[in-house]
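A short write-up of the structure that comes next.
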Amino acid sequence: MANSLTNVIPQLLAQGLMALRQQSIMPRLVNRSYDSLAAQSGSTIDIPIPSAITANAVTPGTTSQAVSDLTPTKATITLDQWYEAAFNLTDEELKNVEENNLMPMQASEAIKALANNVDTYIMNLASSATNGISQNGGTAGTTPFASNLDAYLAARKELNNSAAPMDDRYCVINADAEAEALSLEAFQNAAWRGDTDGIIRGQIGEKLGATWVVDQNVQTHINANGTPTGFLVNNGAGYAEGITVMTIDTGSNNPAVGDIFTVAGDTVSHVVTAAAGGTSITFTPGLGAAVVNNAAITFTASAAAFTRNLLFHRDAFAFASRPLEDGMMVGGDNVMSNVDPISGLSLRVEVSREFKQTRVSYDILYGGALVRPELASLILG
């Protein structure tokens, strides 16, 4: 049996990496430039965030002109996401892997679980306790693209206004939004779209400045309290531009993390990152303009839930994955790891004998961050 396990591990790992590549979506779309900096579990990677620099007129003289003293900012990736998916194989199933190179059904399901885990993790970075995407297009609670592309165009306008690069843009939508989009003539008519993929393959592909991708892990936000209503700014002096914490008058249905709102007098949309009942909220980005006391706070409808489809440039998110320790014998078990050259994801397989059957475990170590939320916009649904 020891020889069988040694022979079967490379096959299980190769099959697992291929399946992981096919089922992973978001890791292929975000910035992966930091994999080489990743260390062992728990380590962190600092991601520099560029600051704005002003172009100044040149004045000839004997001394150099002053340079803006920019305070560098950074975001941090912590490699603290370590997950495994394990299953048991009978001796007959193990023999099929070794002799016929057949991937067991359990292995396919284990890889799917890990792929969905990574995908969901990146999706949830769009709304977390530390950061979030507030720019948006579309109407909460209404599937976009039922009759037109207005929701996409509104989200695209947000990226353009934030000076997001025009290349490497991705529109990730759920199956409901894709079904509506594919019914539009703009995506069906070959004369309009320039190819027949919409009809023949049922794919949108690269259109309107972005690569469109369907993902079953697009997240839904819901405030279990219901849509917050009746809240006002509660501060005699009001709040200055840039503020990220506000005291509010109690209304109905307390705000929750992930809620999106605007304040009268400020045209910027904000996302709640922390809420203290109905008395104060922490949010991002900061106020785009000063607001007065008792200014009305308007929340996007969230009682019936809204879908967080995404339009983003790859630099909005940073993600890193690193191979775990391997070696054909680690602690008495057979262990091997490798990195898929296409998706960039690392995967480890560990095989051991337990109670007259073979236990197989796939595991993965990764971390990520939403580093530049201004390069992303929600397409509400």
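The values are calculated or read from the model by the stated rules, or taken from the named source; none is laboratory data. Everything numeric in this text was worked out from a predicted model, so none of it was measured. Neighbour counts are summed over all protein chains in view; Cβ atoms, including those assigned to glycine, are modelled from backbone coordinates with ideal geometry.
Looking only at residues that are in a loop (DSSP other than H, G, I, E, B) and of a type in the set (Ser, Thr, Tyr) in the stretch 134-152, which one is surrounded by the most Cβ atoms within 10 Å (Cβ to Cβ)?
Restricting attention to the stretch 134-152, the residues satisfying the condition of being in a loop (DSSP other than H, G, I, E, B) are 134-135, 139-149.
Remaining after also requiring of a type in the set (Ser, Thr, Tyr): 134, 139, 142-143, 147.
Values: SER134: 25, THR139: 16, THR142: 13, THR143: 19, SER147: 9.
Looking at residues that are in a loop (DSSP other than H, G, I, E, B) and of a type in the set (Ser, Thr, Tyr), I get SER134.
Applying the selection to the stretch 206-225, what residues are touching a residue at least 60 places away in the same chain (Cβ under 8 Å), not in a loop (DSSP other than H, G, I, E, B) and not β-branched (Val, Ile, Thr)?
Passing the criteria: ALA210, HIS221.
Here are THR143, THR139: which of them is touching a Gly at 6+ places or on another chain (Cβ under 7 Å) and at pLDDT below 95? So that I can check it myself, show each step before the final result.
On the way: THR139 fails: touching a Gly at 6+ places or on another chain (Cβ under 7 Å).
Matching residue, one of THR143, THR139: THR143.
For the stretch 14-33, give me each residue that is of a type in the set (Ser, Thr, Tyr) and surrounded by 19 or more Cβ atoms within 10 Å (Cβ to Cβ). Reasoning before the result, please.
So the first thing to find is which residues in the stretch 14-33 are of a type in the set (Ser, Thr, Tyr), and the list is 24, 33.
Result: SER24, single match.
Which one is nearest to GLU354 (Cα to Cα), of the residues in the stretch 85-123 that are surrounded by 15 or more Cβ atoms within 10 Å (Cβ to Cβ) and of a type in the set (Asp, Glu)?
So the residue we want is GLU93.
Given GLU325, GLU350, which one is touching a strand residue (DSSP E or B) at 6+ places or on another chain (Cβ under 8 Å), buried (at least 16 other Cβ atoms within 10 Å of the Cβ), farther than 30 Å from GLU241 by Cβ and not hydroxyl-bearing (Ser, Thr, Tyr)? Show your work before the answer.
On the way: GLU325 fails: buried (at least 16 other Cβ atoms within 10 Å of the Cβ).
Only one candidate qualifies: GLU350.
Are any of the residues in the stretch 295-313 outside any strand (DSSP E or B), out of contact with any Pro (no Cβ under 6 Å at 6 or more places or on another chain), over 30 Å from GLN23 (Cβ atoms) and modelled with pLDDT of 95 or more?
Yes.
Taking the condition of being assigned to a loop (DSSP other than H, G, I, E, B) and either touching a Gly at 6+ places or on another chain (Cβ under 6 Å) or at pLDDT 95 or above (or both), how many residues in the stretch 244-264 meet it?
Within the stretch 244-264, the subset assigned to a loop (DSSP other than H, G, I, E, B) is 244, 249-251, 253-259, 264.
When the remaining residues are screened for being either touching a Gly at 6+ places or on another chain (Cβ under 6 Å) or at pLDDT 95 or above (or both), the result is 244, 250-251, 253-254, 264.
Adding up the residues that qualify gives 6.
Which residue pairs have Cβ atoms under 9 Å apart, sit 6 or more places apart or on different chains, and have a first residue in the stretch 345-358 that is within 16 Å of GLN106 (Cβ to Cβ) and a second that is among the aromatic types (Phe, Trp, Tyr)?
Within 9 Å, the pairs are LEU347/TYR362; VAL349/TYR362; GLU350/TYR362.
Just give me the residues in the stretch 50-84 being modelled with pLDDT of 80 or more, surrounded by 10 or more Cβ atoms within 10 Å (Cβ to Cβ) and not β-branched (Val, Ile, Thr), in sequence order.
LYS74, ALA75, LEU79, ASP80, GLN81, TRP82, TYR83, GLU84
What are the pairs, 6+ residues apart or on separate chains, where a residue within the stretch 168-183 that is on the phi < 0 side of the Ramachandran plot has its Cβ under 8 Å from a residue that is in a helix (DSSP H, G or I) and of a type in the set (Ser, Thr, Tyr)?
Taking only residues 6 or more apart or on different chains, the pairs are CYS171/TYR152.
Of all residues in the stretch 3-36, which are in a helix (DSSP H, G or I) and of a type in the set (D, E, K, R)?
Step one: filter the stretch 3-36 for residues in a helix (DSSP H, G or I), giving 3-23, 26-28, 35-36.
Correct list: ARG21, ARG28, ASP35.
So which residues in the stretch 226-266 are farther than 15 Å from ALA289 by Cα, free of Cβ contacts under 8 Å to residues at least 40 places away in the same chain and crowded, with 17+ Cβ neighbours inside 10 Å?
Hit for the stretch 226-266 is ASN254, nothing else.
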